[in-house]
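Written out below as structure tokens is the structure these notes cover.
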């Protein structure tokens, strides 16, 4: 460790190291206790220069302090080894606050962070908004179709609805890009936000919508925290009123739910994926009509089941579903093409 990260000035003292995060083929995160220091070491397969630059920039505007809303502080990084060391943020992830009966606190923390960072003058990162998410939806739909054709068709309908919904222009700002509840910590005196590798420039609703999408997923998975999820959402919406556009928030929430449904599909029960896509459809409908929903149906109507209720032979059904899926994708891409022309 001392040789790999000379900028930390470590010696050969005893150290404790724990693997706390691993994404195959992309990155690994280690928690380290060395020479009285407590920090995280992140190892990447690609150059992390942009993320290192972001931590420097956030530190320069006062967001890497010891109190209040904050992010990890860049300690050192070694470009040749693709290694980065950042300060360790100690705290309880917001998703765990829900299970502890502290939903309101969770919503307040997230709103506090967004209110603090809404005007941060950091312009680093690629575009990350409606155009980029619409382009990514074809991958999400393809994954879901590979998992289950009826689910793929339903997700294609949601993607088409989102694609056709126009949003009012929102100011571009720094966004986290994967603003999951587990990436937001209660540090005791304020929120801390970690894992900034997907940051970019987009509207505030990108992060706000993803946060709400993740607590929707938590509520759908665990009925016993539904009330706390509602408390978190109500607190969040009350404290961000005037900062976010309700229509855009519903749109980005629907997109976030669709994205979450397409992650690790092989590890999730089909019923859970169906509920997520149904929730995405619900918010996509409200985005197109203009409105916000904050209720959590425990056993919502499973729309995709109606496609398979006719009792057709499996081969015939699969062929029909495939044709419908291709037509849905064709409609989606024709809409994209006509918009660009």
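The values are calculated or read from the model by the stated rules, or taken from the named source; none is laboratory data. The structure presented is a predicted model; accordingly, all values stated were derived computationally and were not measured. Ideal geometry is used to build each Cβ from the backbone, glycine not excepted, and the neighbour counts take in all protein chains shown.
Limited to region 121-174, what total is found for residues that are surrounded by 15 or more Cβ atoms within 10 Å (Cβ to Cβ) and assigned to a loop (DSSP other than H, G, I, E, B)?
10
Out of 68, 62, 25, 103, report the one residue that is assigned by TED's automatic domain parsing to the domain that holds residue 228 and either out of contact with any strand residue (DSSP E or B) (no Cβ under 6 Å at 6 or more places or on another chain) or closer than 30 Å to residue 219 by Cβ (or both).
From the options 68, 62, 25, 103, the qualifying one is 103.
Quick one: residue 19 ticks every box in (1) loosely packed, with under 13 Cβ neighbours inside 10 Å; (2) assigned to a strand (DSSP E or B); (3) in contact (Cβ under 8 Å) with a residue 24 or more places away in the chain except a single one, so which number is it?
That leaves (3) as the condition not met.
All but one of (1) on the phi > 0 side of the Ramachandran plot; (2) touching a strand residue (DSSP E or B) at 6+ places or on another chain (Cβ under 6 Å) hold for residue 185; state the number of the condition that does not hold.
Residue 185 satisfies every listed condition except (1).
Are any residues in region 35-51 surrounded by fewer than 18 Cβ atoms within 10 Å (Cβ to Cβ) and part of a helix (DSSP H, G or I), and if so, which ones?
49, 50
Being assigned by TED's automatic domain parsing to the domain that holds residue 182 and more than 25 Å from residue 71 (Cβ to Cβ): is that true of residue 162 here?
For residue 162, the condition - assigned by TED's automatic domain parsing to the domain that holds residue 182 and more than 25 Å from residue 71 (Cβ to Cβ) - is met.
Kindly check whether there is at least one residue in region 95-109 that is within 21 Å of the chain's Cα centre (by Cα), outside any loop (DSSP other than H, G, I, E, B), closer than 21 Å to residue 199 by Cα and touching a residue at least 60 places away in the same chain (Cβ under 8 Å).
Checking region 95-109: at least one residue is within 21 Å of the chain's Cα centre (by Cα), outside any loop (DSSP other than H, G, I, E, B), closer than 21 Å to residue 199 by Cα and touching a residue at least 60 places away in the same chain (Cβ under 8 Å).
Residue-by-condition table, conditions (1) assigned by TED's automatic domain parsing to the domain that holds residue 280; (2) more than 26 Å from residue 29 (Cα to Cα); (3) assigned to a loop (DSSP other than H, G, I, E, B):
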{"position": "188", "(1), (2), (3)": "yes, no, yes"}
{"position": "192", "(1), (2), (3)": "yes, no, no"}
{"position": "196", "(1), (2), (3)": "yes, no, yes"}
{"position": "208", "(1), (2), (3)": "yes, no, no"}
{"position": "214", "(1), (2), (3)": "yes, no, no"}
{"position": "219", "(1), (2), (3)": "yes, yes, no"}
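Take residue 177 and decide whether it is out of contact with any helix residue (DSSP H, G or I) (no Cβ under 8 Å at 6 or more places or on another chain) and at pLDDT 95 or above.
No.
Quick one: count up the residues across region 258-278 that are under 19 Å from residue 131 (Cβ atoms) and assigned to a helix (DSSP H, G or I).
Result for region 258-278: 2.
Could you say which residue among 79, 69 is touching a helix residue (DSSP H, G or I) at 6+ places or on another chain (Cβ under 7 Å) and within 20 Å of residue 182 (Cβ to Cβ)?
Matching residue, one of 79, 69: 69.
Which residues, taken from region 52-81, are assigned to a helix (DSSP H, G or I) and without any contact (Cβ under 8 Å) to a residue 12 or more places away in the chain?
60
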